[in-house]
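Take a look at the structure below.
Rule-based calculations on the coordinates, nothing more; no lab input. Small disclaimer: the values here were computed from a predicted structure and weren't measured. Glycine gets a Cβ as well: all are built from the backbone with ideal geometry, and neighbour counts include every protein chain shown.
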């Protein structure tokens, strides 16, 4: 049994403690926005936030998580798909197949939590998600556009 | 015309169940009740279709039926644009849906081919989908005119509103759709002149973006059905090997495990409440394999087979002009080089999967597929039932790249598993490791290139001997002619969609077929990936041997290829070929015709003292004839570069002990955002033909970069991927 704080809600899951967070999200909680692709914490498709920082959920056993840690998934990034990144992604038609995009957006959102206006060099160093469709240039453009959208929102 | 109402609701029901899925007590076995089955079969809407392509709801929502699969390439939106162009409906109210392969079968393939490969989605169906839209438009106007009791010729239509011009009366598509469904379709319709197109050619937004940003988009791997169990599979790692034995008792009591089953004659699967339980149980299941004769196959052995083909007497001829061998003998200067291209895995981000429900008289499959009809055929065969008693529901693909078109091994397996648990839907999901080891790989080839120049540096003769694997010999021998696989000559053929870009007076291009026991497949771009490297890098070698500028050398051979020349000139001009590149930056060119489109690229790279490559910029031009959605073409060009350059930089599947050595993205890496060059796309449709988009530009990325590396270093790299070579000490 594990108690988790997911998207602002405390949930109890009855599962072996070695089960990765990814599979608890997908199979115990039915939240399939977070994707399986490599299973070794490499490609980033399974990226969620733990206390605002990007984490690769496919290699995090639920037993290692505490109920005090705030987990955010793509489903909880915004209530209505209106996060500046989601707006920017829609504006630029970033996704192709879309499978890696929840992870890509969560990685980018964690980056913006950390650095509200990242340079290209910072983006290069921070976004290590794999996209086989090749959306990288629109991802980069989308991060910069999201920064603009955030600034406009504040002004 | 058949006006039978099509029930598309089942797919919608299933998509909606995934939201409900959050509430399921997973791990609890819920057999499909008859009430669920009924609900699944219910129609979502009482509105009859106007015709096979168009359904219009009373609120003017237009549903366009799309037979081809969307896997990221934008075909869904592009095909909708084609229908809507003729339908004259309001674009802002357009939705799409997939008809099922079973419905297609029942309606004598009214939607044509479902196959989504070979960059055919739009170019293979543009005419009949536009006609579908035009016919529906005529029926809608007919219905309005009849309702008003006026001649049809007095009515006009724009953005779903029909107007009776003399009186100014108006109505909308939604109001007359039901009556339109009863109209007799016109026998013939005239399609618009391209100059009158309003939505074809416009960079409209994709129709399928929003759900991909919120996690709502359901991919095959995400599907949840009531009472569904999950399966993890392991097939014999040696190609052609068989399942020996397994000790089910060792895992049968692990949490959630329901069954351990043999799958066909070469695999074993664990079925459990959750996939994670199935996977972890399979990890510890004792299994033995009968590896068979291929256990000794290695990359070294395969290289020997291919080397033999480079000099073998017998070879198929794919293109011949003049007398290349004699011309080469008389050449003042001869150039010779051997190139090689390794196996590649498709490595779609979403691993292979399918969900199957088998009963003795019916089998249903839900899967991401590039070809619904082929999936249905595979399902029926595995189910032991006629196709009319089977159905396939296409679920969104997390990438295709050719892996999910010609091959439905994952469907066959899912059905074989479900058959052992009748009445229970079972989702089979491969691990990444299984996906890496059981691909249908980009074929392996080598090429021996021989070129001869006269004393003025003109190309007298060119002899190319390709040695290596045929895709068709393994996948579809029926498409071969007299034992020849013409696909192996893509980009080098005398004419057609993959014609050579140059007029060489004495030319001989041959293929010595050598088929190692590693299953080949169609991989985005197929054989242009290596053929364009062979051709375009060697043309560059010849230009340098002749002491000529690579652009001028090419131009001289392209007088009879104006469209190829036009794209090449476009990239040269945009990149500033005639002016020096920034300090330390070097340029390379390439050009190709592939999938009926003309494409060219100019790459700018630098290589530092340690041999580290930086690709700064690639200018790419494409002439696809008609450009349906320019912003999606740009996305495809950029994406194709990532696919092609990932292979060039990192991609290789090596064989040891009859198995693929690479297991995951740690040993089969892909480009990351940090390595992505700036890409400038020139879309230059010249009209009059329909070329492909998803694949052609993949051809020009790698050779342009390689030619730029030569310009930077003076080194020719002829073995790939580049990660195996230091670019400075090579």
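So here's what we get for this one:
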read-out: 10 Å Cβ neighbours from other chains, averaged over peptide B:341-351; value: 4
read-out: Peptides A:92-100, B:148-156 ordered by average Cβ neighbours within 10 Å, highest first; value: A:92-100, B:148-156
read-out: Modelled FRET efficiency - R0 30 Å, residue B:301 with residue B:482, Cβ distances, 0.05 increments; value: 0.55
read-out: Gain in span if fully extended, residue B:503 to residue B:108, counting 0.36 nm per residue against the direct Cα distance; value: 137.7 nm
read-out: For the protein assembly as shown, calculated [θ]222 nm from helices alone, where every DSSP H run of n ≥ 4 adds -39500 (n - 2.57); value: -9000 deg cm²/dmol
read-out: Peptides A:107-118, B:81-92 ordered by average Cβ neighbours within 10 Å, highest first; value: B:81-92, A:107-118
read-out: Centre separation in Å (Cα based) which lies between the range A:1-80 and the range B:531-577; value: 52 Å
read-out: DSSP-defined antiparallel bridges as percent of all bridges, chain B, nearest 5; value: 75 percent
read-out: Three-way shape call for chain A based on the alpha-carbon gyration tensor, with the a/c threshold at 1.5; value: prolate
read-out: Rel. contact order, % - alpha carbon contacts under 8 angstrom, at least six apart, chain B; value: 14 percent
read-out: Peptide A:85-93 - average C-beta neighbours from other chains (10 Å radius); value: 4
read-out: For the protein assembly as shown, share of DSSP beta bridges that run antiparallel, in % to the nearest 5; value: 75 percent
read-out: Overall form of chain B per C-alpha gyration tensor (a/c, 1.5; a/b vs b/c); value: oblate
read-out: Bins of 20 Å, starting at 0 and running to the largest distance - Cα pair percent for the protein assembly as shown; value: 14, 45, 34, 6, 0
read-out: Label-reachable residues, the range B:174-201, where backbone N falls under 18 Å from a point 7 Å from residue B:150's Cα toward its Cβ; value: B:174-177, B:180
read-out: Contact order normalised by residue count of the range B:47-214, Cα under 8 Å, 6+ apart, percent; value: 30 percent
read-out: Directionally averaged shadow of the range A:70-141, computed from the convex hull of its alpha-carbon atoms, nm²; value: 4.9 nm²
read-out: Exposure proxy ranking, count of Cβ atoms within 10 Å, fewest first, for B:672, B:397; value: B:672, B:397
read-out: Considering only chain A, percent of DSSP beta bridges that pair antiparallel, nearest 5; value: 85 percent
read-out: Peptide-level mean, for B:393-403, of C-beta atoms on other protein chains within 10 Å; value: 3
read-out: Rounded, prolate or oblate (a/c below 1.5 giving rounded, otherwise prolate when a/b exceeds b/c) for the range A:2-76 by Cα gyration tensor; value: rounded
read-out: Distance between the range B:210-282 and the range B:403-422 - C-alpha centres, whole angstrom; value: 12 Å
read-out: Pairwise label distance in nanometres, residue B:317 with residue A:68, each label 7 Å out on the Cα-Cβ vector; value: 8.1 nm
read-out: By average C-beta atoms within 10 angstrom, highest first, the peptides B:301-311, B:592-602; value: B:592-602, B:301-311
read-out: Which of B:626, B:438, B:498 has the fewest Cβ neighbours within 10 Å, and the rest in rising order; value: B:626, B:498, B:438
read-out: Potential extension, residue A:151-residue A:80 segment - 0.36 nm per residue separation minus Cα distance; value: 23.6 nm
read-out: Difference of contour (0.36 nm per residue) and Cα-Cα distance, residue B:128 to residue B:196; value: 22.7 nm
read-out: Sequence of B:358, B:111 once ranked by neighbouring C-beta atoms within 10 Å, starting from the fewest; value: B:111, B:358
read-out: Radius ratio Rg over Rh of the range B:119-268, counting only Cα atoms, Kirkwood formula for Rh; value: 1.27
